[in-house]
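J.: One structure follows; several queries about it will come next.
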Amino acid sequence: MSNPIGLYLHVPFCDAKCPYCDFYSMRGSTEDWERYTESIISHLYDYQDRNLAVDSVYFGGGTPSLLGAERLGRMLEAVRGAFALSPEAEITVEVNPTREPGRFFEGLAEAGVTRVSIGLQSAQAAELRALGRRHTAEQAAHAVALAHRAGIANVSLDLMLAVPGQTAESLRDSVRFCAQAGAAHVSAYLLKIEPGTAFYARRETLPLPDEDGTCDLYLEACAELEACGFAQYEISNFALPGFESRHNLKYWRCEEYLGLGPAAHSFLDGRRFYYPRDLAGFLRGDPPVDDGPGGGFDEFAMLALRLTEGLREESCRARFGYPIPEAMRRRAAPLGRAGYCRVSPEGIALTRAGFLVSNAVIGELLA
Ligand code: SF4
């Protein structure tokens, strides 16, 4: 059996569409949720003969918690039936704290879920309203407490940066809220105005920070998270020691994973492929679309440079049998002098200033 892979299951249902969101999701009925669950189970068993080992499972979306613990548990049973699921596997479910959870978290814990990721986005009522979120910060803190009580200690909270009306002070307050609520991990993403979203349609009138203001908010978030004990390990991800997301680390370390569900992407057997954003097609059993070979040096380096550990000499040698190319080290030298990266015999890693302009810095390193 080869190295364990990650398994991503995309749940394409939400209560309502948030105005900034371009993920593939829609409203669905209980019949839709049932059909989707059965379809995922059948897709999982399609891989049974492959004898694949799995050590992380991630239910993302969309809003996986909408399906309820029983359906999520049924899919996990199928994962156990079709794959060799490690007893130490990290099993994450994304949760939106809008509904009265009842025994939801106990159900998750009984099904074997070890981690939940809760969409807080902000602890400020005005910012949550501006983002079109339908929950309060208190509901999110309540969800964290319920997860803990059910025995799920590994709770991640999502925060959004550069939100309309956000200030350094309101952001610091949201970060402290995460720490006080008992989060072990925080994902802090910059709001991006994506084409096709409601925010995009009214982008001219949104009170968004300018570029400098956005950079300041990012640096403020990093500093406050650090002050609260969360160490940065990726551009947008911070964790208490030992609580880094093992599933997401697979993406950044260019390891293999299988994604099932409409809009889910995979990297398996050296190839990338994806299911189109088409629920009906997925339910019909349409095959995934091939996206070519993956895992080459540029892709590996690009992903590694998102991590604070950066592109490491030893992982480069272990994977490709050669060191970080000399030409890349030459290009890194002036970027290092300008403060965008650290260059050492062990490797190349972006600094926080480099993370702020990561696309340009990584582009230059790989030019
Ligand atoms: S709940 Fe999440 S996935 Fe659903 S619309 Fe809002 S941001 Fe998008």
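The values are calculated or read from the model by the stated rules, or taken from the named source; none is laboratory data. What you see is a predicted model, and the numbers here were worked out from it, not measured in a lab. Note: ideal-geometry Cβ built from the backbone for every residue, glycine included; neighbour counts use all protein chains shown.
J.: Would you say residue 24 is within 16 Å of the ligand (Cβ to nearest atom), closer than 25 Å to residue 143 by Cα and outside any loop (DSSP other than H, G, I, E, B)?
T.: It is false that residue 24 is within 16 Å of the ligand (Cβ to nearest atom), closer than 25 Å to residue 143 by Cα and outside any loop (DSSP other than H, G, I, E, B).
J.: Any idea which residue in the stretch 312-332 is nearest to residue 248 (Cα to Cα), counting only those that are in contact with a helix residue (DSSP H, G or I) (Cβ under 9 Å, 6 or more places away or on another chain) and outside any helix (DSSP H, G or I)?
T.: 312
J.: Restricting the stretch 41-69 to residues that are away from the ligand (no atom under 16 Å from the Cβ) and either touching a Leu at 6+ places or on another chain (Cβ under 6 Å) or not assigned by TED's automatic domain parsing to the domain that holds residue 112 (or both), which is farthest from residue 2 (Cα to Cα)?
T.: Within the stretch 41-69, the match that is farthest from residue 2 (Cα to Cα) is 69.
J.: Hey, can you tell me all the residues within the stretch 201-230 that are among the hydroxyl-bearing types (Ser, Thr, Tyr) and either touching a residue at least 40 places away in the same chain (Cβ under 8 Å) or within 11 Å of residue 175 (Cβ to Cβ) (or both)?
T.: Result: 214, 218.
J.: Can you pull out the residues in the stretch 101-150 that are modelled with pLDDT of 95 or more, farther than 23 Å from residue 79 by Cα and among the charged types (D, E, K, R)?
T.: 127, 129, 133, 138, 149
J.: Something else now. Out of the residues in the stretch 2-21 that are surrounded by 15 or more Cβ atoms within 10 Å (Cβ to Cβ) and more than 16 Å from the ligand (Cβ to nearest atom), state the one that is farthest from residue 280 (Cα to Cα).
T.: Only one residue tops the list, namely 4.
J.: Among the residues of the stretch 69-78, is there at least one that is touching a Ser or Thr at 6+ places or on another chain (Cβ under 8 Å) and not aliphatic (A, V, I, L, M)?
T.: Scanning the stretch 69-78, I find at least one residue that is touching a Ser or Thr at 6+ places or on another chain (Cβ under 8 Å) and not aliphatic (A, V, I, L, M), so the answer is yes.
J.: Please indicate, with yes or no, whether at least one residue in the stretch 329-352 is charged (D, E, K, R), closer than 21 Å to residue 236 by Cα and outside the structural domain of residue 12 (by TED's automatic domain parsing).
T.: Yes, the stretch 329-352 contains a residue that is charged (D, E, K, R), closer than 21 Å to residue 236 by Cα and outside the structural domain of residue 12 (by TED's automatic domain parsing).
J.: OK, next. Are any of the residues in the stretch 169-179 farther than 26 Å from residue 352 by Cα and in a helix (DSSP H, G or I)?
T.: Within the stretch 169-179 (the criterion being farther than 26 Å from residue 352 by Cα and in a helix (DSSP H, G or I)), the answer is no, since none of the residues qualifies.
J.: Oh, and also: So which residues in the stretch 162-191 are farther than 29 Å from residue 148 by Cα and touching a residue at least 12 places away in the same chain (Cβ under 8 Å)? Break it down into steps so the answer makes sense when it comes.
T.: Kept after step one, since they are farther than 29 Å from residue 148 by Cα, are these residues of the stretch 162-191: 162, 164-168.
162, 164, 165, 166, 168 - these are the residues of the stretch 162-191 that are farther than 29 Å from residue 148 by Cα and touching a residue at least 12 places away in the same chain (Cβ under 8 Å).
J.: Next question. Mind listing whichever residues of the stretch 80-103 are within 16 Å of the ligand (Cβ to nearest atom) and either over 20 Å from residue 249 (Cα atoms) or of a type outside the set (Asp, Glu) (or both)? Quick ask: steps written out before the conclusion?
T.: Initial filter on the stretch 80-103 (within 16 Å of the ligand (Cβ to nearest atom)): 92-99, 101.
Of everything in the stretch 80-103, those that are within 16 Å of the ligand (Cβ to nearest atom) and either over 20 Å from residue 249 (Cα atoms) or of a type outside the set (Asp, Glu) (or both) turn out to be 92, 93, 95, 96, 97, 98, 99, 101.
J.: Give the residue, chosen from 141, 168, 125, that is more than 18 Å from residue 213 (Cα to Cα), more than 16 Å from the ligand (Cβ to nearest atom), more than 22 Å from the chain's Cα centre (by Cα) and not hydroxyl-bearing (Ser, Thr, Tyr).
T.: 125
J.: Further question on the same structure: Can you name the number of the only condition in (1) part of a strand (DSSP E or B); (2) out of contact with any Leu (no Cβ under 8 Å at 6 or more places or on another chain); (3) under 19 Å from residue 263 (Cα atoms); (4) more than 16 Å from the ligand (Cβ to nearest atom) that residue 34 fails?
T.: Residue 34 satisfies all of (1) part of a strand (DSSP E or B); (2) out of contact with any Leu (no Cβ under 8 Å at 6 or more places or on another chain); (3) under 19 Å from residue 263 (Cα atoms); (4) more than 16 Å from the ligand (Cβ to nearest atom) except (1).
J.: Residue 339: under 22 Å from residue 222 (Cα atoms) and not in a helix (DSSP H, G or I), yes or no? Steps first, answer last, please.
T.: Values: under 22 Å from residue 222 (Cα atoms): yes; not in a helix (DSSP H, G or I): yes.
So residue 339 fits the description; yes.
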